[in-house]
Amino acid sequence: MRNPLTVLKRRLSEHREVRTDGGTTSAGSILDRDSVRSAPFWLPPFLLIGLFIYGAIAWNIVLSLTDFQGLGTPDYSALDFENYVVAFFGGTPSWSELTVSPIWNSAWNTVVLMVSFSVVCLALGLVLAILVDQEIRFENTFRTIYLLPMSLSFVVTAKFWLYMYNVETGLVNLFLGAVGVGPIEIVQNPDLKLAAVAFALIWQFSGYAMIVYLAGLRAIPTSHFEAARVDGASTVRMYWRVIIPQLRTATVSALVVLTVFSLKAFDFLFSMYGGYQPGPSADILATRMVREAYSNGNWAYGSAIAVILFIMALAIVTPYIYSQYKRGEL
Amino acid sequence: MAELTLDGVTKVFTEDDGNEIVAVDDVSVDIEDGEFLVLVGPSGCGKSTTLRMVAGLETVTDGEISLAGRRINESPPAERDIAMVFQSYALYPHMTVAQNMSFGLEESTELDDDEISELVDDTAAMMGIEELVDRKPADLSGGQQQRVALGRAIVRDPEAFLMDEPLSNLDAKLRATMRTELQRLQEDLGVTTIYVTHDQTEAMTMGDRIAILDDGVLQQVGTPLECYHTPNNRFVAGFIGDPSMNFFEMEVDGERLVSDRFTYPLTADQADAVGEARGVTLGIRPEDIGIDPDGNADSPHEFDMHVDVVEPRGDENTIHLTFEAGLDEPETFTATVSGLRQLQAGDSVVATFPPEAIHLFDADTEQALHNRSLDIPEATEQIV
């Protein structure tokens, strides 16, 4: 027999909706909701970020569809993709009398810098991490020394390497002279420019890759190293087959950070070359973007390049975030 | 398969500040071909270090380790033809079970892929894990990981197995099952095995022989029953057996042992064994103590006791006894009686310490002066 009290209780609660978490919510109490009651805490930063980051991105996208150029105000009445067509194929856009070159050169430089910089950084970081992980003396000192460059700003790195690369007094040329290679102009040499930039950036960031890898190595139980040794693997084979495959997560997270850093290497180039003009052999999308916008006044075209750069960054970060999400780490 | 010999093996660790720590001190054991030796001792006694020296994961400070008559002190692990099972299993998480099992063969033999996969399949079938070969370790239960870890060692068909507490991560029930299975497996394969554990039950039940280590020093090597019935010293007596042997510190007074609590007369043999020693530790195993709830303490080997706590275990009860009732934290010792006997805390009983069951240890050196006598001829034959 059914307990009449239970029946009564059920009737009373029938107008309540069952929430997904199993609780119930009654109509008409919007003000009591957790999301509303906590609003004073999350709403201000939410609005600020929404306006100044996502709002600015959205505005920039709209701007890239206009013909905004020179002084004056953008005209939002006629939106088209002309700037993107120009960016990819070049030509004379409607807002200019001059021919505008496409972005392929700087896009290519961007990709070369990104790939060479991140790959070498990771490889160097891995080697350093493995060496530092050998229970050596002064391990903390080495770790700090390798990590220190990362604490410098791009501006300091650029000025420092300008001096290092100097034809007459630079340490690099002194060293080259010592081994019999005559002084070489590096910073302004079109053949070496991009390599010089990449090298300086690698110097700055391989310590970061080392720290990420070191953390990864420390997370691998000692017994895995020992099991591989007892299984008969040589040191190289042990790292190659047992240890490095377990550093996948570390590699991916370091890679994402490094590539994104390389995309925004603008301030480094700006400081190294004292402006927006690193020359075609070291021109990356970021310098091109700023040059178009602030030197040439091609605001809309600069915005279009910014959007392309933004999409490139998204293309790198999204798969990472998605894979993290899939594995439930987000 | 081969015999493994440890001769005066010593390991000294030097700390950063220059302090030297002797982890293993002059350990010598001969392990016969196909023998199952259990290395047992409390944590930090050096048993794992000894095993790791045999595996080649630690250098040997002094002494010699040889396998099949060949000195292996300086050989890297790869050249020793030894397989090891780790406490944490150490399965490679990014490889499937089959890849885990074939790794050692790929690295240490010249076999081609077909031969390796055949061996892996055979071993997987033998271990009952053929269904799991394509899974990753993270998708396996603890017991299954344990099997894979064993399979990985077995597939290599090594000269010797080294096992470092391989069952300690399993729950009690599974541990008991795996204990039997491991024993059967080792018997079938006939591979010389060193098995490290801190669990004296595993040592008693699994080993052909037990080697008991304490503080880096080998205390005794012998069959489980030898170690149980004729311990070399007080440490072995207390370590082997659960619940542990009871110890009473006594003074020698002629042919009697005297303490604040009781006096115990010795037989002539026992008195001879004690000889000149002044202080003696009297040891008696809980199951050798006779308990009579109704009797009177008539004989000099019988004592009036009070039951402090009763721990029922089903098959038997462990009872904690004390000489004086009513103390807050009384000194107790244990006796085991049949699980069917009804005893309550607070009961007064008479406990018998049968003279043939007592052990006597020198109070200073802790060496055994006299061990219990084993009257039953078969038992004596078996253990000697």
**OP:** With unit charges on the beta carbon (Lys/Arg positive, Asp/Glu negative), name the residue among A:N173, B:N317, A:F52 whose Cα is farthest towards the positive pole of the charge dipole of the protein assembly as shown.
**Re:** A:F52
Original post:
Among bridges DSSP assigns within region B:4-235, what percent are antiparallel (round to 5)?
Top reply: 50
Subject >> Distance from region B:154-208 to region B:300-339 (C-alpha centre basis), Å >> reply: 35
Original post:
GNM, chain A, Cα, under 10 Å: largest mean-square fluctuation among A:I61, A:I136, A:I308?
Top reply: A:I136
**OP:** Kindly work out what percent of the DSSP beta bridges joining two residues of the protein assembly as shown are antiparallel, to the nearest 5.
**Re:** 75
Original post:
Considering every Cα-Cα pair within region A:236-330, what fraction, in whole percent, is farther apart than 23 Å?
Top reply: 44
**OP:** Could you pull out the longest piece of chain A with no exposed loop trypsin sites (Lys or Arg not before Pro) in it, calling a site exposed if DSSP puts it outside H, G, I, E, B and it has at most 12 other Cβ atoms within 10 Å?
**Re:** A:138-326
**OP:** Return the inverse of the average 1/r over all pairs of distinct C-alpha atoms in region B:233-284, which is the Kirkwood hydrodynamic radius, in Å to one decimal.
**Re:** 11.7
Original post:
Just how large is the dipole of the protein assembly as shown about the Cα centre, in debye to the nearest 20, putting +1 at every Lys and Arg Cβ and -1 at every Asp and Glu Cβ?
Top reply: 5920
Subject >> Estimated [θ] at 222 nm from DSSP helical runs (n ≥ 4, -39500 (n - 2.57)) normalised by residues in the protein assembly as shown, nearest 500 >> reply: -13000 deg cm²/dmol
Subject >> Convex hull per residue volume in Å³, alpha carbons only, for region B:244-383 >> reply: 133
Subject >> Average beta-carbon neighbours from other chains, 10 Å sphere, peptide A:218-229 >> reply: 6
Original post:
According to the Cα gyration tensor, what semi-axes, each the square root of 5 times an eigenvalue, does the equivalent ellipsoid of region A:175-254 have, listed from largest to smallest in whole Å?
Top reply: 38, 17, 10
**OP:** Over the Cα atoms of region B:159-203, compute the convex hull volume and normalise it per residue, giving Å³.
**Re:** 66
Original post:
Hey, which of these cross-link pairs are over 25 Å Cα-Cα: A:K326/B:K136; A:K264/A:K326; A:K159/A:K193; A:K193/A:K264?
Top reply: A:K264/A:K326
Original post:
To one decimal place, what Kirkwood hydrodynamic radius in Å is obtained for region B:4-235 from all pairs of distinct Cα atoms?
Top reply: 18.3
Original post:
In region B:256-347, what GluC sites (Glu not before Pro) fall in a loop by DSSP, with at most 14 other Cβ atoms inside 10 Å?
Top reply: B:E276, B:E324, B:E331
Subject >> 20 Å binning of all Cα-Cα separations within the protein assembly as shown, expressed as whole percents from 0 upward >> reply: 13, 28, 27, 21, 10, 2, 0
**OP:** Treat the count of other C-beta atoms within 10 Å as a stand-in for reagent exposure and order B:E35, B:E251 from fewest to most.
**Re:** B:E251, B:E35
Original post:
Straight-line reach from B:K11: which lysines have Cα under 26 Å away, leaving out those fewer than 8 places along the same chain?
Top reply: B:K47
Subject >> Low-density loop cleavage sites - chymotrypsin sites (Phe, Trp or Tyr not before Pro) in region A:124-189, where at most 13 other Cβ are within 10 Å (DSSP) >> reply: A:F138
Original post:
Out of A:Y273, A:A293, A:L148, whose Cα points farthest toward the positive end of the dipole of the protein assembly as shown (charges: +1 Lys, Arg; -1 Asp, Glu; placed on Cβ)?
Top reply: A:A293
**OP:** Compute log10 of I(q)/I(0) for chain A with the Debye formula, placing one identical point scatterer on every Cα and leaving out solvent, at q = 0.06, 0.11, 0.13 Å⁻¹, to two decimals.
**Re:** -0.37, -0.92, -1.11
Original post:
Which is the longest stretch in chain A that no exposed loop site breaks, taking sites as GluC sites (Glu not before Pro) with a DSSP loop state and at most 10 other Cβ atoms within 10 Å?
Top reply: A:169-328
Original post:
What are the extents of the Cα atoms of region B:1-131 along their three principal axes, listed from largest to smallest and rounded to whole Å?
Top reply: 50, 33, 26
Original post:
Roughly how many debye, to the nearest 20, is the charge dipole of region A:104-297 about its Cα centre, given +1 on each Lys and Arg Cβ, -1 on each Asp and Glu Cβ, and no other charges?
Top reply: 320
Original post:
With the radius of gyration and the Kirkwood radius both derived from the Cα set of region A:104-297, what is their ratio Rg to Rh?
Top reply: 1.05
Subject >> Relative contact order %, region A:104-297, counting alpha carbon pairs below 8 Å whose residues are six or more apart >> reply: 35
**OP:** Just the number, please: Stokes-Einstein D of region B:84-136 in µm²/s, Kirkwood Rh from C-alpha pairs, 20 °C, 1.002 mPa s.
**Re:** 186
**OP:** Only Lys, Arg, Asp and Glu count, each charged at its Cβ (+1, +1, -1, -1), so figure out the dipole size of chain B about its Cα centre, rounded to 20 debye.
**Re:** 580
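Taken together, the values in this text are just the output of simple stated rules run on the coordinates, not laboratory data. It should be emphasised that the depicted structure is a prediction, and the values quoted were computed from it without experimental measurement. Quick reminder, even Gly has a Cβ in these numbers, built from the backbone with ideal geometry, and neighbours come from all protein chains shown.
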